[in-house]
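The values are calculated or read from the model by the stated rules, or taken from the named source; none is laboratory data. Remember, it's a predicted structure, so these values are computed and weren't measured experimentally. Cβ atoms come from the backbone with ideal geometry, glycine included; neighbour counts cover every protein chain shown.
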Amino acid sequence: MNKLKNIAKRIIIIYVILFIILGSSSSVYAKRGYDAQCGEFVSQYARDFIKKYCTPESKTRYAGIAEAEWSGGSFGQGTFICCCTAGVKYMYELALNVNLYDLGFDPVCANGIVNMPGSPNWVEVSSESDLQPGDVVINDHHTELYVGESQRANYGNSPYSGVIRDGPSLSSSGGSFTKAFRLDKSVQVEPSGNVPTSKTDFGGTPVNYSEFYFNGIPDGKYSLANRKNIFELLVNSIKELVNFFTGLITYLFRGLVIGIISIFDRFINNTVKSINESPTTIQESGVSATSADDPYSLDRSVTIESLVFGDVDIFDINIFETE
């Protein structure tokens, strides 16, 4: 009988550990605050992007536009077209899934110098020595992305767009750039992966970061002008609808699983409390016990550590015992 009891306890402990691990891992899918690692990520992304898509020069073109675009209509298709601010914004969209225009970054360079200082979304970099990969450098007519190693990604090198150059240097040290800014750590970003090798690498759909759908998969603008025929338009519309409902069901299922884990975790903790804790003193008439005297106010939460080291009385065995 005791052997069956020990087996049952071990099974319960294993299940509880698994639920705790699953519950704590639910935050893996959440966004993260911008930090130095995110800056390094977008910098390396910009380097890889330029190396892959901006050479030879005949595949890129400079144009004074607010949004980067591809002449072929889909990511990686045809000629890459952008200006300096659009290029920096595009790198942040591709690498970190964030729209800088929503954070005070302006398509007009001079406006960026005006809008970004004092904004809660940006931290001004005081000197050239403080520059970090991912920082945005600006003057009244140009914007570039600092990518580390005393180099920057320049998307305004007319007539071609996208090149790595030495620098930048700030005006405090006699340079040509007036200001430098970095996203504040409170800004939530979402690193998305490496530079795609084809238009279907992101979620199986053509990528154009001018639009975002509910399921988090970026997709392109659709019109008859961009499609070969009405049948292709219909097929892509059905694909979009399937992607939407797939994302919706995924989010609902994820919420259901996390909710069940939370309920189970609370049930286990309440059960342990009810079994292991009982009043040890009787309150005198007219005297109220303080919260410190209340045995039920003790923190008896079930954690992996409390289970492994036998801190919870109901699980009075060591799961590492062999007998």
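Data table
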| item | result |
| --- | --- |
| Residue satisfying condition, being surrounded by 18 or more Cβ atoms within 10 Å (Cβ to Cβ), modelled with pLDDT of 75 or more, over 29 Å from the mean Cα position of the chain (by Cα) and not acidic (Asp, Glu), within set Tyr45, Tyr62 | Tyr62 |
| Residues (of a type in the set (S, T, N, Q), without any contact (Cβ under 8 Å) to a residue 40 or more places away in the chain and closer than 27 Å to Gly33 by Cβ) located in the stretch 61-105 | Asn99 |
| Some residue of the stretch 78-85 being in a helix (DSSP H, G or I) and either within 16 Å of Cys54 (Cβ to Cβ) or modelled with pLDDT of 95 or more (or both) | yes |
| Conditions (1) closer than 25 Å to Lys185 by Cβ; (2) in contact (Cβ under 8 Å) with a residue 40 or more places away in the chain; (3) not charged (D, E, K, R): number failed by Val114 | (2) |
| Trp70 more than 20 Å from Gly162 (Cβ to Cβ), aromatic (Phe, Trp, Tyr) and at pLDDT 90 or above | no |
| Search result, residues across the stretch 144-161 that are under 22 Å from Lys185 (Cβ atoms) and surrounded by 22 or more Cβ atoms within 10 Å (Cβ to Cβ) | Leu145, Tyr146, Val147 |
| Pick from the stretch 253-282, criterion among the aromatic types (Phe, Trp, Tyr) and exposed (fewer than 12 other Cβ atoms within 10 Å of the Cβ), ranking: modelled with the highest pLDDT | Phe253 |
| Options Tyr90, Tyr160, Tyr101, Tyr146; residue that is assigned to a loop (DSSP other than H, G, I, E, B) and not basic (Lys, Arg) | Tyr160 |
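Matching residues to (1) at pLDDT below 75; (2) not assigned by TED's automatic domain parsing to the domain that holds Val147:
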| site | (1), (2) |
| --- | --- |
| Leu170 | no, no |
| Pro206 | yes, yes |
| Asn215 | yes, yes |
| Asn226 | yes, yes |
| Glu240 | no, yes |
| Thr250 | no, yes |
